[in-house]
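A single structure is presented below for examination.
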Amino acid sequence: MIIPERSLKNGERAVSRLRELYGQYGYTYYKMSKFEEYDLYVRSKSFLPSEHIPTFTDTDGKLMALKPNVTLSIVKNAKPASGALEKVYYNENVYRADSGAHGYREILQAGLECIGQIDLHAAAEVALLAAKSLEAVGGGDYLLNLSHLRVVTGLLIAAGASEPASAALLTAIGEKNAPAIAALCRQWGIGEAYRRKLCQIALLRGGPEEALPPLRAMAANETMAAGLQELTDICALLGPLARHVRIDLSMVDNASYYSGLILRGFLPGLPRAVLSGGRYDSLLRQMGKDGGAVGFAVYLNLLERYGSEEAGCDVDILLLCGPSVSPQRAMAEAEALRAQGLSVRVERAVPEGLKAREIREVV
């Protein structure tokens, strides 16, 4: 039986659309266990969003963990052929501590990872799929923010910032806190010219045509110029979808994880990013693997609150059949509607909490 897409909840519809999208680009489905050995996450805690990991002891005495991250599992098992790329997509639950409450949350994610010798085409294709993912789950109204860590770190290198100064300045840039940037520059003896540039980078935000020219004008070394060139080339390769792109170099809050391109996607009405990702070569190096990696995740649990109230309906039609309606008639009425591709629930009364697009009474 084929279930009409409109009868699915937002997260389920998104999974269906994303699987089709990623398959069109040659990504293969990756299925994994709900848990891994705890040691995998202990060795890679700096790459995790939280140090709190739900654990349990297996029957053989091994300490196991419900997975807080999909990427670590994929990278651990990645074996791209020499010169080739390993391209996989997934939809999985992860388990993380809730920052706003005590306990853990189960979070449904879909996403993809591209691992191997990453070139401009591979990076641009991932950015393109990030844009198309937002379009698939949210329609035409979305924003894809792009940053590049090499642009920011290149400027810090040019400014002569020490490692402690760079760490503090990256935090202030991530917070778009110009007064803190100015104070840190004074504290660490960074000159006025670089203070202005660091503040400009933190606060600058706009489309590629608006934001990239002033950034290119302040390129201070090869590191910064290379990052800007890659951003420029990726935006060009996005074609018409680049109109949804905003350059935002303040996205540096995961500097220990990302090593280049950073992606973050937004849908109207949602309080935080529904998509995040980027390039993370350093994780591969830590796990003893060559090459690079780039990918992103879509947080499907956020989509249940997205869109109109109608989009979150449980059923197309609630058919209320009075006591005088025979089972034969109730069945016939419901089947006639289902033959039109509608989802139908038959009841004697309205169930508490059920959302239906339409309620019809049969008497």
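The values are calculated or read from the model by the stated rules, or taken from the named source; none is laboratory data. Computed from a predicted structure; not experimentally measured. No Cβ is skipped: glycine too gets one built from the backbone with ideal geometry, and neighbour counts run over all protein chains shown. These area figures cover heavy atoms from the full protein model, side chains too; ligands, DNA and RNA do not enter into them. Shrake-Rupley method; radii C 1.70, N 1.55, O 1.52, S 1.80 Å.
Among ARG285, ARG329, ARG338, ARG272, which is the only one that is touching a strand residue (DSSP E or B) at 6+ places or on another chain (Cβ under 6 Å) and open to solvent by 20 Å² or more (accessible area, probe 1.4 Å)?
Only one candidate passes the filter, namely ARG338.
Now for a different question. Kindly check whether there is at least one residue in region 77-100 that is in contact with a His (Cβ under 7 Å, 6 or more places away or on another chain), surrounded by fewer than 22 Cβ atoms within 10 Å (Cβ to Cβ) and among the aliphatic types (A, V, I, L, M).
Looking for residues that are in contact with a His (Cβ under 7 Å, 6 or more places away or on another chain), surrounded by fewer than 22 Cβ atoms within 10 Å (Cβ to Cβ) and among the aliphatic types (A, V, I, L, M), one finds at least one in region 77-100, hence yes.
Checking VAL252 against (1) open to solvent by less than 60 Å² (accessible area, probe 1.4 Å); (2) at pLDDT 95 or above, which single condition isn't satisfied?
Only one criterion in (1) open to solvent by less than 60 Å² (accessible area, probe 1.4 Å); (2) at pLDDT 95 or above is unmet by VAL252, namely (2).
Would you mind telling me which numbered condition in (1) loosely packed, with under 11 Cβ neighbours inside 10 Å; (2) over 30 Å from ARG96 (Cα atoms); (3) not charged (D, E, K, R) VAL362 fails?
(1)
Restricting to region 14-59, name every residue that is more than 16 Å from VAL88 (Cβ to Cβ) and either polar (S, T, N, Q) or at pLDDT 75 or above (or both).
Residues of region 14-59 that are more than 16 Å from VAL88 (Cβ to Cβ), as a first pass: 14, 16-17, 34-59.
ALA14, SER16, ARG17, SER44, SER46, SER50, THR55, THR57, ASP58, THR59, listed by residue number.
Turning to a different aspect of this structure: Pull out all pairs, ordered by first then second residue, where Cβ-Cβ is under 9 Å, the residues are six or more apart or on different chains, the first lies in region 231-244 and is at positive phi, and the second is hydrophobic (A, V, I, L, M, F, W, C).
Within 9 Å, the pairs are GLY239/LEU128.
Identify the single condition in (1) closer than 21 Å to ASN221 by Cβ; (2) surrounded by fewer than 20 Cβ atoms within 10 Å (Cβ to Cβ) that ALA161 does not satisfy, given that it satisfies every other one.
That leaves (2) as the condition not met.
Quick check: is even one residue across region 176-186 touching a residue at least 60 places away in the same chain (Cβ under 8 Å) and in contact with a strand residue (DSSP E or B) (Cβ under 7 Å, 6 or more places away or on another chain)? Walk me through it before giving the result.
Initial filter on region 176-186 (touching a residue at least 60 places away in the same chain (Cβ under 8 Å)): 176.
Next, only the ones that are in contact with a strand residue (DSSP E or B) (Cβ under 7 Å, 6 or more places away or on another chain) stay: none.
So far as region 176-186 goes, no, none of its residues is touching a residue at least 60 places away in the same chain (Cβ under 8 Å) and in contact with a strand residue (DSSP E or B) (Cβ under 7 Å, 6 or more places away or on another chain).
When only residues in region 341-353 that are without any contact (Cβ under 8 Å) to a residue 60 or more places away in the chain and open to solvent by less than 40 Å² (accessible area, probe 1.4 Å) count, which is nearest to ILE317 (Cα to Cα)?
VAL344
How many of the residues making up region 184-229 are in contact with a helix residue (DSSP H, G or I) (Cβ under 8 Å, 6 or more places away or on another chain), among the small types (Gly, Ala, Ser) and farther than 14 Å from ARG150 by Cβ?
3
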